[in-house]
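K.L.:
Following this message is one structure expressed as C-alpha cells.
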Amino acid sequence: MNNIVLKRESNTDFSSTDETSLLVVIFDSNPGQQFLRDNTHVLTHCLDSIIAFSNAHLMQKAQNKLAVMACHSKTSQFIFPGPGKPIDIRQTDGQYEIFTMVEKTIKHNLSKLLGSDISNILTESLLAGTIAMALCYIARMQRIKSPGIKINSRILLVTGSSDSASQYMNYMNVFFTAQKHNVVIDVCALDQHLSLLQQGCDITGGLYLKLPQLQGLLQYLLWVFLPEPPIREKLVLPPPVKVDYRAACFCHRELIDIGFVCSVCLSIFCKFSPICTTCHTVFKMPGPLAVKQKKKKLKL
Amino acid sequence: MGDEEEPKEYRWETGYEKTWEAIKEDDDGFLEASVADIIQRAKRKRQTQKTGTTKLGMMRHLYILLDCSDAMSSQDLKPTRLLCTIKLLDGFIEEFFDQNPISQMGVIIMHNKRAEKISDLAGNSHKHVKQINSLNRTSLVGEPSIQNGLEMALSSLKLLPTHASREILIIMGSLTTCDPSDINVTIETLKQEGVRCSVIGLAAEVHVCRQLANQTGGTYNVILDDCHFKDLLYQQVDPPPAAVCLDSSLIKMGFPHQMEADGKEEPLTMCMCHVDSVDEGSKLTTGGYYCPQCYSKYCELPVECRACGLTLVSAPHLARSYHHLFPAANYTEVAFEKQVSLCFACQKTFTETDKQVYSCPNCSKTFCLDCDIFIHDTLHTCPGCATNLSTFQITHTS
Ligand SMILES: [Zn+2]
Ligand SMILES: [Zn+2]
Ligand SMILES: [Zn+2]
Ligand SMILES: [Zn+2]
Ligand SMILES: [Zn+2]
C-alpha cells in the first residue's frame, strides 16, 4: 500500500486539510468496441479493475468524491452514484461498506444499461458528450460545496474506441471548458491510439497513456492515474509524447496539415472550393476558371 | 425571488454614485430596476439572438481608441476612470484573443487634442496588456480628439486586405471632442471603408458618438457602473456580423505539428522568429513548430512563415472560435410538472423550488437553470445532443 504512505507525506502542509478530490471515471462500455467483441471476459476484467481503482481513490482520503459514468453510442449514464436511492448494503466479510456499495451499484447499473442496449450495436462511442455531462456534474459539485472547501476535479477516460473526427467540435468545446475550470482530463487508451483525446490531455494538463498490455490495466491505473496531479510532478511517469495538433477538415473530417480557411467563419477545408459549406459564402476564384456559381445570398 | 438574492458585485464599491442614472435608464417605469437586472435581461436577449446562421467577421482587426484626457481622472469609477478601464481592458484583451484566435488589435490613446499610437496592430496579447498597463503613469491632460484618433486608426486599417474585418472601439470619458475639421467627413469615409465603430461612454450620451456608431453599424452605450462597463466591454469579444462590403476568400494555412523524434533526443535547431532579432539573440532550442510546407521552425503561433509565406496557426486555437458558428441550440423554458426527476447533465434532483426547467429542442432532454447557463455561456455543447448519435448529427448539419 505504497499509495497511502505517499499521500500522508504530501498531506503535511496545513492548507490541504480542507481540500477534497473529485474523480469522475468515464468507462467506455460500448459493446461495439473491437476489443470487447473479440473476448467477452475482457469487459469484466476492465470493470473489476475500474472498481478496484475507484475504491483506491476513495481510500486515499475520507472526503474524496467519486462518480462513474458509462458511455455508449446512444446514451451515457451515471452508474455511480446511480439514479434513485443508494442501494442498502450490509457489511459482508469484513469489507468496508462503501466499497461494497460502489461495487454493487456500478455492477447493477451497468448490467441494466447493457441489457437495454442490445437492439443494434453501433461502434462509435460519443465520448465528448459524456465529458460534457461530467463537466456539468463537476460544475454542480463546485456550486454546492460548503464554503472554505477546495475541490480538485479530474476526469479519467478509459476507452478502447478509436478517435472520431466527427466529434471534433464537441471535443474542442469540452477541452477548453475543462481548461477554463481547471478540470484535468486523463486518458487511458485500451486498444487504439487517440490523437484528439491526447490533445485534450495536453490542453488540460492531464496524462495520456496507451496501455501496452490490457492484462496490466489495474497496475497502470494505480501507478499512473491514482496520484493526484500535484503529486505526479514528484513521480517518474511515462514521458510526454509529442502531440499531433493537426486540424480536421470540415468536408471529410480528416486530419490535414495544410488547408484552406474561410475568412468569414474560419471553417477549414482540405481543397479549394468555390463556396463555403458552413456560411455559404461565395469565394473569388484564384484563377480564370469560370465555374457556374449557385445564386446564393451574398449579403445579409 | 427577493431582490437581496441578486448578486450585486462591486455595488458597495461604487456606493450611491450615479444611481440616478440607473433609474433614469430604465424606461419601463420600474424605479427599483437594479443594474444587475438590466445586465441579466440584456444577456438573455443576446443569447436568444445567437442562431448560428448569421455571417460573422472572424478575422478581426480592432483598434481601441482610449480617451486619456482630463476627464478620465474622475473618480466616479473606483479608483479612477482610467485605472478602472485599464483593469477591465486587461481581462478584455486576453478574452478577445482567446475567442478571436487569428485577429489583431492595436491601441491608440487620445489626449491633449492628439492621437498617439501606443501599440501597433498585432496578434499577441502580452504586448498590448503591457502597453495598457504602462498607461497608469500617463498624465491625463487636455481634451480628446475623436477625429484625430479615427483618422490615425483608419490610415492603418485602410491597408488591410479586403477580407479583413475592421473595427474601432472608442472608450470615451470626456463629453467633448476637439476636432480640427468636420468630423462628418471622417464618419463618411469610415462608412465607405466598412469600418465598424462602437463607442462606450463613461459619462453621458454624446451626440457625435451616437451618430458615429449609427452610421458605421456599431453600437453606442453609456455605462451605469463598473459592472455594466465590464458587460458592455465583453460584448465586444463576440465577433460582429460581417460588414456588407467585406470580401471573402479562402486563405491557405498551415497547421504545424511538432516533429516526431521517436524516443531520441531532439536535435537543437534554430527558430526563424529569433534568427535575426538583435536584443534576444538567436537561440538553439529543441521542440517548436515546423512549417508543413518548408519545415522552418517557429517557437510561437500564430505566425506567417518567413520562408514560404504560409500562415501558420494551431488547429485547437482556431477551434476556440467555432462555438460562434455552431452555438448550442437555445433551450425552451417550460414549467416544472415533474416530467423528469433529474437534470440530465448535472444529476440534480428537481424539487418544488424549481419552477422552471429547460428543454432542448433537438434531444428533448431536460436541464436545470444552472446547467442552461453553464452550457450556453461556457460549454457550447448540449450534453443531451452530444451523447446520442441520432441527435448528434442534427446539431452539426444545421
Ligand atoms: Zn476534406
Ligand atoms: Zn465560411
Ligand atoms: Zn514555410
Ligand atoms: Zn443541471
Ligand atoms: Zn440537446
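K.L.:
Counting only heavy atoms of protein chains, what accessible area per residue, in Å², does the stretch A:246-287 have with a probe of 1.4 Å?
P.N.:
Here the per-residue accessible area is 39 Å².
K.L.:
From the square roots a ≥ b ≥ c of the eigenvalues of the alpha-carbon gyration tensor of the stretch B:169-227, which class results: rounded (a/c under 1.5), prolate (a/b over b/c), or oblate?
P.N.:
oblate
K.L.:
Then there's this: Compute for chains A and B the buried accessible surface, both sides summed, probe 1.4 Å, and express it in Å² to the nearest 100. Let's see the in-between values first.
P.N.:
Working: alone 17020 and 21490 Å², together 32910 Å².
Buried area (both sides, nearest 100 Å²): 5600 Å².
K.L.:
Going by the alpha-carbon gyration tensor, a ≥ b ≥ c the square roots of its eigenvalues, is the stretch A:246-287 rounded (a/c under 1.5) or, if a/c is not under 1.5, prolate (a/b greater than b/c) versus oblate?
P.N.:
It comes out prolate by the Cα gyration axes.
K.L.:
Share of the stretch A:28-83's accessible area from carbon and sulfur, percent, 1.4 Å?
P.N.:
56
K.L.:
With heavy atoms of protein chains only and a 1.4 Å probe, what residues of the stretch A:234-263 have at least 20 Å² less accessible area in the full set of chains than alone?
P.N.:
Flagged in the stretch A:234-263: A:K242, A:V243, A:Y245, A:R246, A:A247, A:F250, A:D257, A:I258, A:G259, A:F260, A:V261, A:S263.
K.L.:
Which percent of the accessible area of the stretch B:55-237 is formed by carbon and sulfur heavy atoms (probe 1.4 angstrom)?
P.N.:
Roughly 48 percent, rounded to a whole number.
K.L.:
On to the next question. At 1.4 Å probe size, with the rest of the protein present, what percent of the exposed accessible area of the stretch B:298-349 is carbon and sulfur atoms?
P.N.:
49
K.L.:
Going by a ≥ b ≥ c, the root eigenvalues of the Cα gyration tensor, does the stretch A:203-246 fall in the rounded group (a/c under 1.5), the prolate group (a/b larger than b/c) or the oblate group?
P.N.:
Oblate shape, in that a/c is at least 1.5 and b/c is the bigger or equal ratio.
K.L.:
Residues of the stretch B:365-395 losing 20 Å² or more of accessible surface, assembly versus chain alone, probe 1.4 Å, please list them.
P.N.:
B:D370, B:F374, B:T378, B:L379, B:T381, B:P383, B:A386, B:T387, B:N388, B:L389, B:F392
The values are calculated or read from the model by the stated rules, or taken from the named source; none is laboratory data. Keep in mind the model is a prediction, meaning the values are calculated, not measured. Accessible surface areas use protein heavy atoms only, side chains included; no ligands, DNA or RNA. Shrake-Rupley method; radii C 1.70, N 1.55, O 1.52, S 1.80 Å.
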